[in-house]
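Chemist: Here it is, the structure, as structure tokens.
Coordinate-derived values only; no laboratory data. Because the structure is predicted, anything quoted here is derived from the model rather than measured. Cβ placement follows ideal geometry from the backbone for every residue including glycine, while neighbour counts extend to all protein chains displayed.
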Amino acid sequence: MRALLLALTLVFITAFHACKDSGVNTPVDQSNINLVSVYSTNASTNGVYVLPINLRDYALIADGTNGLQIVDITIINQPDSVSSYDTDGNANDVTAAYINGELYAFISDYDKGFVVFDIDVPSNPLLIGTIIVTGFVNTSVIDQNNKLAYIAMESGQIQIYDISQLPDEPTFVASVPVGSSGINGLYLSGNYLYAAAGNNGLAIIDVTNPANPQLNNVFNTTGVASDVAVNGGFAYVADSYNGMLILDVTNPESPVYKSKFTGTGQILGLYANNNNVYCADNTYGIENVNVSNASSPNKVGYIQTNSSANNIFYSGGYIFLAAAEGGLGIYQPTSSLDNR
């Protein structure tokens, strides 16, 4: 186990305002997905997480060297800057969870650790502290029920922290090595943690006892596993140039390959919603894949923007695309396809 250094600093600083979008990028080609609006940032939109706060809707953006941005998307075609906080590192990803009645945002800040904010008041995010670990933080997932943070490292390690005492100091629980390749995506389903582990493929970890996580299986994909989502007994793996794989994980200890959707380019992120998987296809755009027949996935919608597509989120009938230098793109799939 690599040595760990944990530092938690209590600092409360008023956030400053980010900049607002000044234009909309025109899609090159599209079918059954429409562009709604674009929010331009000052850096690189690497991750997005959408949620309601106090009867309004917000997008949390991991904006690279610009840190955390919070955008009001209540009026969906008029995204409006609310606040931002420039973290010390390169914000790679963002997620959020309620812990002890307070709403927290968690930034995977790459070379500067794992940053925690109180965002109960979106216009004034409060820096709670930073978990500084040896190595680079790529992404994370929060177990809200058990108050645990699973932190994915570029080194191929997953570190587990007890965050039940927030806003007080988190406690290191355990670490589990997956391989030598960076972990790019995490998904928690029941007692199993699914990790998109780069060149190693899909790792499945039993976290029934978080203090003693057990690496049950590593399914070797042909490509570079960049993201994963689990829905209805199936795991969907963004496998870069190898497309999107569908695995039957009814028995998580023995995943079974079902099929593959070959994307137009390089699938880096995905979000599973009912029978649809929305794929962020880098340098192409978005592809909507119907997976009602797991053995025969079918593309039912797409929008080609010829810009970066790093990560993707779905909420309230809208697709939110983290498009690197292109900012945050907001799209709407055709309603008749939305719940297939």
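Chemist: What list of ³J(HN,Hα) couplings, whole Hz, do you get for region 216-227 from phi and the Karplus terms 6.51, -1.76, 1.60, once you set θ to phi - 60° and write x for glycine and proline?
Modeler: Working through the residues one at a time gives 8, 7, 10, 8, 7, 7, 6, x, 10, 5, 10, 6 Hz.
Chemist: Sticking with this structure for a sec: Add -39500 (n - 2.57) for each DSSP H run of 4 or more in the chain, then divide by its residues: what number comes out at 222 nm, to the nearest 500 deg cm²/dmol?
Modeler: Values: 1 runs with 4 residues, N = 340.
The per-residue figure over the chain is 0 deg cm²/dmol.
Chemist: Once fully extended, how much extra length lies between ASP80 and ASN42, figured as 0.36 nm per residue of separation less the alpha-carbon to alpha-carbon distance?
Modeler: Details: separation 38, 0.36 × 38 = 13.68 nm, distance 1.42 nm.
Extending this stretch completely gives an extra 12.3 nm.
Chemist: Separation between the ASN216 and GLU325 pseudo-spin-labels, each 7 Å from Cα along Cα→Cβ, expressed in nm?
Modeler: 4.3 nm
Chemist: Next up: Need one word for region 32-116: rounded, prolate or oblate. Basis is the Cα gyration tensor (sqrt eigenvalues a ≥ b ≥ c); a/c below 1.5 gives rounded, then a/b vs b/c decides. Please list the in-between numbers first.
Modeler: On the way: a/c = 2.03, a/b = 1.24, b/c = 1.64.
The shape class here is oblate.
Chemist: Which order do THR283, THR26 fall in if you start with the one that has the fewest other Cβ atoms within 10 Å?
Modeler: Numbers: THR283 14, THR26 7.
Lowest to highest Cβ neighbour count: THR26, THR283.
Chemist: For region 165-275, rounded, prolate or oblate, judged on the Cα gyration tensor with a ≥ b ≥ c (square roots of eigenvalues), a/c < 1.5 rounded, else prolate if a/b > b/c? Don't skip to the end; give the middle numbers.
Modeler: Working: a/c = 1.77, a/b = 1.64, b/c = 1.08.
Taking the square roots of the gyration eigenvalues as a ≥ b ≥ c, region 165-275 is prolate.
Chemist: How large is Rg over Rh for region 29-338, taking Rg from the Cα atoms and Rh as the Kirkwood inverse mean of 1/r across Cα pairs? Working shown, then result.
Modeler: Values: Rg = 18.0 Å, Rh = 19.1 Å.
Across region 29-338, the Cα-based Rg/Rh ratio is 0.94.
Chemist: Looking only at SER108, SER181, SER226, which one moves most when the chain is put into a Gaussian network model with springs between Cα atoms under 10 Å?
Modeler: SER181
Chemist: Work through the residues other than THR139 whose Cβ is under 12 Å from its Cβ and net out their charges, Lys, Arg +1 and Asp, Glu -1. Kindly include the intermediate steps, with their values, before the conclusion.
Modeler: Numbers: positive: none; negative: ASP93, ASP109, GLU154, ASP227.
It works out to a net charge of -4.
Chemist: Follow-up question, since we're still on this one. Under the rule a/c < 1.5 gives rounded, and otherwise a/b versus b/c splits prolate from oblate, where does region 210-340 land using the Cα gyration tensor?
Modeler: Working: a/c = 1.72, a/b = 1.46, b/c = 1.18.
Taking the square roots of the gyration eigenvalues as a ≥ b ≥ c, region 210-340 is prolate.
Chemist: Now for a different question. Normalised by the residues of the chain, what does the relative contact order come to in percent, with Cα pairs under 8 Å and at least six apart?
Modeler: Values: 1067 pairs, mean separation 50.4, N = 340.
Reported relative contact order: 15 percent.
Chemist: Using Cα centres only, tell me the gap between region 117-136 and region 253-305 in whole Å.
Modeler: Result: 32 Å between the Cα centres.
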